[in-house]
Amino acid sequence: MTSSLETEPVSYPPAEEFAATANAGSELQEAADADRLAFWATQANRLHWHEQWTEVLDWKGADSDYIAKWFVGGKLNVAYNCVDRHVIDGYGDQVAIHWEGEPGDSRELTYAQLLAEVSRAANYFTEIGLTAGDRVAIYMPMIPEAIVTMLACARLGLIHSVVFAGFSSSALRQRVDDAEARLVVTTDGQWRRGKPAPLKAAVDEALAKGEHSVEHVLVVRRTESEVVWTENRDVWWHDTVANASDQHEAQPFDSEHPLFVLYTSGTTGKPKGIVHTSGGYLTQTSYTHHYVFDHKPGKDVYWCTADIGWVTGHSYIVYGPLSNRVTQVVYEGTPNSPDEHRHWNIVEKYGVSIYYTAPTLVRTFMKWGRQIPQAHDLSSIRLLGSVGEPINPEAWRWYREVIGGNKAPIVDTWWQTETGAIMMSPLPGVTSTKPGAAMGPLPGISAKVVDENGVEVVLGETEANGYLVLDEPWPAMLRGIWGDTERYKSTYWDRYAEQGWYFAGDGARIDVDGAYWILGRVDDVMNVSGHRISTAEVESALVGHHSVAEAAVVGATDATTGQSIVAFVILKASSEANDELTSELVAHVARDIGPIAKPKAIHIVPELPKTRSGKIMRRLLRDIAEGRDLGDTSTLVDPSVFESIREKSAN
Ligand code: 6R9
């Protein structure tokens, strides 16, 4: 299609050398095909069960409000699986966490030390009267105590609700209220770009007005920022948890005991509290972390750059990796603090071998220039991962070449807060990869691409676009929306109620080779003159132009064509905005995809509005493109970005 695509390989087969030692082999898919439930039973046996289950899956679809039960009757302790087990097996001295603070301080926690910390926190939580099923809000930066708190909750059967520390006090309050948290764990402040910023103050503000459920606020000292103290409610971690006993015996909980609630935004203003439970969730996070990342305990140094405020942090920093006895890097700060070399300095310092990040960061690295990573020895990296949005082929190739030394396989992992764990991804050493494709469902996972009526799109046809559905339950699937069964059913199950399929909300395409391409959220798929065009496709074309650093595309309502394509573009520092360049970009897209994909308008902007998890807020860009008033912008990193975009797009 594009000039670059003509000269670059369309598919990258696994290297023999990698395949020779890969965790995954073709037998994995064969086993899943032969007997899907037996396959999942095998995966569940990766874990330690205090009591064996009697049935792998109990699924009644609509008759049980679409709430599955996995490993029925089984009992386990999630924290025991992530910590104790490794110490008992003789790996107490292995480093679990290489923690790197933003200002340059660092800490190392072995599994034995992690066990002591988690035990102390569990003892203190018990001392203040928390019991299994109670909710705990965690509002903390990326410091070891955040992970310790999550594990201490899991150990006691307390349900944690991690609230991203970049969220506002009102967002925190909304989540605390919805889950009726009894305890909030926070820090005095957090480091951001070399400066301490208050954090406990936001908790105080959140709890300042009206009745609430919070009885205790536990504060970790991190920045030495001054804090206001509420007697009988606030306590320091170093005065309490630190003095508690480091001996604690983990009790088993039912496989379906809730592990956590994590809020994610939906189509309405009120965030949805996605509920996950224990046995199935840990089985699938553990399985996927082992095979998708080809993780070798004791050898690899793993780094997932997510924040624990998002599901990626839950599943691929805490539960999946620790259950597999990972040695991992946890970094507190931003990638350009103190400068753009930070990530590569960390990779060199710890010899990171597996690196998992988001396409938006890859594109940022591209914008900063390849000379930055090239100033470092990145030869320890042997596998790269991508998550969060479709990765455009341009960024994929750059990632492979510049970060992966032209040899590290890339796993493009598709999944959601709701799915709990990775659902689609190539298996390294097994699957040939195509830049920009999540390739297909993992062994044990079943997915289809269907039209509005549930008719499967025909494999191999070029127009085989449709909606992605999951037609069989999976172990890590959500078990509902906290306190709102109706919303759970209507959001995910009503659309294909007749078939009993989970509607993922994403569009997808299956190409002639059977590879799955995720086209983005369904509302991001545009319809121009009856042709379906993905915003991601046009963005990818724009980013493929040498002047463009980043692009966001939306479909704006158009009286003639249904929708028209409006693009917002950030230029590379070396390029200058002018009418000529704009016309050239339009022509470039026409060349790359076809005249039908030509943007009707291109706005050159200094920044794009992004959620704190790094997703471009297309809904808001659509509002701008269609001249509407802006709705709620409270989840944005920097709402002022809008003003500059509005100014630019007004002319
Ligand atoms: C894990 C996570 C979920 C949505 C999902 C989809 C998009 C995630 C993707 C991807 C294309 C990938 N998404 N991974 N799209 N390729 N590899 O990001 O969870 O924050 O709930 O977002 O993100 O649109 O539906 P969450």
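Report the semi-axes of the equivalent ellipsoid for the range 124-267 in whole Å, largest first, where each axis is √(5λ) for an eigenvalue λ of the Cα gyration tensor.
23, 19, 15
Tally the DSSP beta bridges in the range 76-228 and give the antiparallel ones as a percent, rounded to 5.
Details: 9 of 22 bridges.
The antiparallel fraction comes to roughly 40 percent.
To the nearest 20 debye, what is the magnitude of the charge dipole of the chain about its Cα centre, counting +1 on the Cβ of each Lys and Arg and -1 on the Cβ of each Asp and Glu?
So the magnitude is around 560 debye.
Tell me which of Phe125, Ala20, Tyr111 sits at the most positive position along the dipole axis of the range 16-160, charges placed on C-beta atoms (Lys, Arg +1; Asp, Glu -1).
Phe125
Report the gain in length on full extension from Asp511 to Asp89: 0.36 nm times residue separation, minus Cα-Cα distance, nm rounded to one decimal.
147.3 nm
Please compute the length gained on full extension between Val522 and Asp35, using 0.36 nm multiplied by the number of residues separating them and subtracting their Cα-Cα distance.
Full-extension gain reported as 172.1 nm.
With just the Cα atoms defining each centre, how far is the range 292-308 from the range 367-396? Give it in Å.
Using only Cα atoms, the two centres lie 16 Å from each other.
How large is the helix-only mean residue ellipticity at 222 nm for the chain, computed as the sum of -39500 (n - 2.57) over DSSP H runs with n ≥ 4, divided by its residue count, in deg cm²/dmol to the nearest 500?
So the calculated ellipticity at 222 nm is -7500 deg cm²/dmol.
Give the angle, between 0 and 90 degrees and rounded to the nearest 10, that separates the Cα long axis of helix 111-127 from the longest principal axis of the Cα atoms of the chain.
70 degrees
Where does helix 169-179 land angle-wise versus the long Cα axis of the chain, in degrees 0 to 90, nearest 10?
Between the helix axis and the principal axis of the chain, the angle is about 60 degrees.
Set the Förster radius R0 to 35 Å, insert the Cβ-Cβ distance between Glu231 and Asp105 as r into 1/(1 + (r/R0)^6), and round the FRET efficiency to 0.05.
0.70
Say R0 is 45 Å: what FRET efficiency, to the nearest 0.05, do Asn406 and Asp471 get from their beta-carbon distance?
The computed FRET efficiency comes out at 0.75.
So what is the relative contact order of the chain, in percent, for Cα pairs below 8 Å that sit 6 or more residues apart?
About 12 percent, as a whole number.
For a quick size check, give me the Cα extents of the range 1-93 along its three principal axes, largest first, whole Å.
Largest to smallest, the principal-axis extents are 57, 48, 25 Å.
By how many nm would the segment from Glu626 to Ser446 lengthen if fully extended, with 0.36 nm per residue of separation less the alpha-carbon distance?
Result for the pair: 61.0 nm of gain on full extension.
Nearest 10 degrees, 0 to 90: what angle lies between the long axis of helix 641-650 and the longest principal axis of the chain (Cα atoms)?
10 degrees
How far is it, in nm, from the label point at Glu224 to the one at Arg591 when both lie 7 Å from their Cα along the line to the Cβ?
Placing both labels 7 Å beyond Cα along the Cβ direction yields 5.8 nm.
For the range 164-246, what is Rg from Cα atoms divided by 2.2 N^0.38 Å, rounded to two decimals?
Compactness ratio reported: 1.09.
If you wrap the range 324-475's Cα atoms in a convex hull and average its projection over all directions, what's the area in nm²?
Taking the Cα atoms of the range 324-475, their convex hull projects to 10.8 nm² on average.
Taking the highest mean first, how do the peptides 244-252, 150-158 order by number of other beta carbon atoms within 10 angstrom per residue?
So the peptides 244-252, 150-158, ranked by packing, come out 150-158, 244-252.
Stokes-Einstein at 10 °C, 1.306 mPa s, Kirkwood radius from Cα pairs: D for the chain in µm² s⁻¹? Before the final figure, lay out the partial values.
Values: Rh = 25.4 Å.
The estimated diffusion coefficient comes to 62 µm²/s.
Projecting each Cα onto the charge dipole of the chain (Lys/Arg +1, Asp/Glu -1 at the beta carbon, about the Cα centre), which of Tyr287, Thr360, Phe39 comes out farthest on the positive side?
Positive-end residue among those listed: Thr360.
At a Förster distance of 30 Å, what's the computed FRET efficiency of Ala375 paired with Asn578, Cβ-Cβ distance as r, to 0.05?
Between Ala375 and Asn578 the formula returns 0.35.
Quick one: dipole size for the range 316-372, taken about the Cα centre, charges +1 on Lys/Arg Cβ and -1 on Asp/Glu Cβ, in debye to the nearest 20.
160 debye
Of Arg120, Arg325, how do they rank once you tally other Cβ atoms within 10 Å and put the fewest first?
Arg325, Arg120
Specify the inter-centroid distance of the range 478-512 and the range 21-54, based on alpha-carbon positions, in whole Å.
26 Å
Values quoted throughout were computed directly from the atomic coordinates according to the rules given, and no laboratory measurement underlies them. All values derive from a computational prediction rather than experimental measurement. Positions of Cβ are backbone-derived with ideal geometry, glycine not excepted, and every protein chain shown enters the neighbour counts.
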